[in-house]
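Working notes, beginning with the structure itself.
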């Protein structure tokens, strides 16, 4: 059973009592404890992961205007073991997931473009470039592990789902600068390590087909699920996002650096297809899993925006899929 420990620090003078604080969420609490520390009343709650968001929203609504703090942690063990009670519940069609607060924690702080972020992108570009140049698959896989492309991609679509304009701007800025960083580095490397369209790793990314869309969609779905489902490791799944983005971007930069401008167009199309596919997949899952803003008056507007976003990405994906199918039965090759 996936559980979370919620600690809520409320000023003593405004604490309204345990039952009054939680309202209709009492049945979702497995265990609770209330004590006083300094000038605060501390409410400790143990609940299943799927109920965390509702509990936090209720506590935030009750004490949000005061000097309070909520901490959410994941217990490594509970003794005695928690056994799920069998009881009839009202059917909830929304799939089980972690809270929006935990998703933000997984995405991480992307407000500052750190030196470490650029360092990882530089190293990933170098490793991928050498891997493509030498046709070394192991090096290309290594570059996927290094590249930190998961957070900015998923956080952008997440920001739309929760209508966080500030997060959307930071995510988009982070993603664009990251792409430009890899492109510039790979272009510079391509001027020294010349590649040709006949290179196996380059040729495989010039011959496009619908299988490329399937791979990119899979990467987007798995990457987003790693944020929503506690059992899936986002660290490992980050490689899936890099599969769709890192090798095509580096191959495109190397081709430009080697002087193959026209021949690099299919690789650019592949990269654009991957970007659109990942965004469509993540936007769809965030909508299906019921990710909405905290403010109730923004929920309906956010849902309409999410639907528009899904239609926008899907329409662009259909257009690019049509372009791919028009050239050689699903293969696009410009030489």
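The values are calculated or read from the model by the stated rules, or taken from the named source; none is laboratory data. Computed from a prediction, not measured in an experiment: that's the story for all the values here. As a convention, Cβ positions derive from the backbone with ideal geometry for all residues, glycine included, and neighbour counts pool all protein chains shown.
Determine whether segment 280-297 contains at least one residue that is at pLDDT below 90, out of contact with any strand residue (DSSP E or B) (no Cβ under 7 Å at 6 or more places or on another chain), exposed (fewer than 14 other Cβ atoms within 10 Å of the Cβ) and outside any loop (DSSP other than H, G, I, E, B).
Within segment 280-297, one or more residues are at pLDDT below 90, out of contact with any strand residue (DSSP E or B) (no Cβ under 7 Å at 6 or more places or on another chain), exposed (fewer than 14 other Cβ atoms within 10 Å of the Cβ) and outside any loop (DSSP other than H, G, I, E, B).
Return the total of residues in segment 153-170 being farther than 17 Å from residue 309 by Cα and crowded, with 19+ Cβ neighbours inside 10 Å.
Going through segment 153-170 one residue at a time, the tally reaches 1.
For segment 185-217, enumerate the residues that are buried (at least 20 other Cβ atoms within 10 Å of the Cβ) and not in a helix (DSSP H, G or I).
195, 199, 208
Please identify the pairs in which a residue from segment 132-146 that is over 15 Å from residue 248 (Cβ atoms) has its Cβ atom under 7 Å from the Cβ atom of a residue that is exposed (fewer than 14 other Cβ atoms within 10 Å of the Cβ), counting only partners at least 6 apart or on another chain.
These pairs meet every condition: 135/200.
Find the helices (runs of 4 or more DSSP H) located wholly in segment 9-108 whose residues include 1 or more that are at pLDDT 85 or above, and list them.
18-22, 52-63
So which helices (runs of 4 or more DSSP H) stay within segment 112-184 end to end and still have 3 or more residues that are within 17 Å of the chain's Cα centre (by Cα) and modelled with pLDDT of 90 or more?
150-161
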